[in-house]
């Protein structure tokens, strides 16, 4: 029986993963606010290079998709609590509104269940200052696919750390 | 021929005014008779370093850009569009190589346009992801000044 990592250990390693896991995550510089059984919350401040077509100067839709997709993978990982290969099957984005670069965006994502090796997730992006929704998303992941586990690098370091 | 040149010009212009497209280093090209968006590999695009796969959200961004460029090329008058929804299906693992994408106009409506986008890497017959993007038309008078 494997000892499962605690939520504190997971959030610490998720934060480490985002700050050093890849150049993309270092570039995005997301801040993980919380990781619980109810899901993941993160904060992101769009940079000028993340803008869509000018002169509107609102974030390009794909940058919001990128963050939500990242959080969805992590939400599934938290639900699984073990290194398991997963793959995104599909992703649905609804862009509710556009916002100028006026401040931070809040993201929340959660795994709503895993059934027959399909994990389902849902997420939301809002403006931190007003709570106004920017985008909603849903995604499905295949669990136990071929290949290395997305979360292996993170979780395998937890035992014995600190 | 003039229309093809104008379509390519419209796609170039869209990339030029879209900072995120420039961050992706996206380029528009006329491959035969279709507009293709090319995104060269960059380490910043990797989502899973273990398998060197392009991030799923970046793939979605490339599809969205291809759809928007296709729409701009199809109807290069002044009206602009905002994406209102997007459905992406991931078909194959990606690799750390150039990604290409194109769009197919499925509907041009009075308010909503629907574009199908297809992304591939080595072989256009084996797409890595496909998407359906719905855009809402924004009239000039609705634009922020």
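Quick notes on this one:
- Helix B:56-74 vs. chain B, principal-axis angle (Cα, 0 to 90°, nearest 10): 30 degrees
- Remark: the Cα gyration tensor places chain B in the prolate category, a/c being 1.5 or greater and a/b exceeding b/c.
- Computed label-point distance, nm, for sites residue A:128 and residue B:91 using a 7 Å Cα→Cβ extension: 4.0 nm
- Convex hull volume of the protein assembly as shown per residue (C-alpha atoms, cubic angstrom): 129 Å³
- For the segment B:51-64, counting C-beta atoms of other chains within 10 Å of every residue's C-beta and taking the mean gives 6.
- Spin-label pair residue B:106/residue A:34, simplified geometry with 7 Å Cα→Cβ offset, distance in nm: 3.8 nm
- The alpha carbon centroids of region A:88-118 and region B:90-138 are separated by 20 Å.
- Shielding of B:26-33 by partner chains, average beta-carbon count, 10 Å: 0
- Region A:7-155: proportion of alpha-carbon pairs further apart than 27 angstrom, %: 19 percent
- Percent of Cα-Cα distances greater than 15 Å, calculated over region B:37-98: 56 percent
- When you restrict to C-alpha pairs under 8 Å that are six or more residues apart and normalise by the size of region A:54-114, the relative contact order lands at 57 percent.
- FRET efficiency for residue B:9 and residue A:146, using Cβ-Cβ distance with R0 set to 35 Å, rounded to 0.05: 0.20
Since every read-out is calculated from the coordinates, none of them should be taken as a lab result. Keep in mind that this is a model prediction, so the values were computed, not measured. Methodologically, a virtual Cβ is constructed for each residue, glycine included, from the backbone with ideal geometry; neighbour enumeration extends over all protein chains shown.
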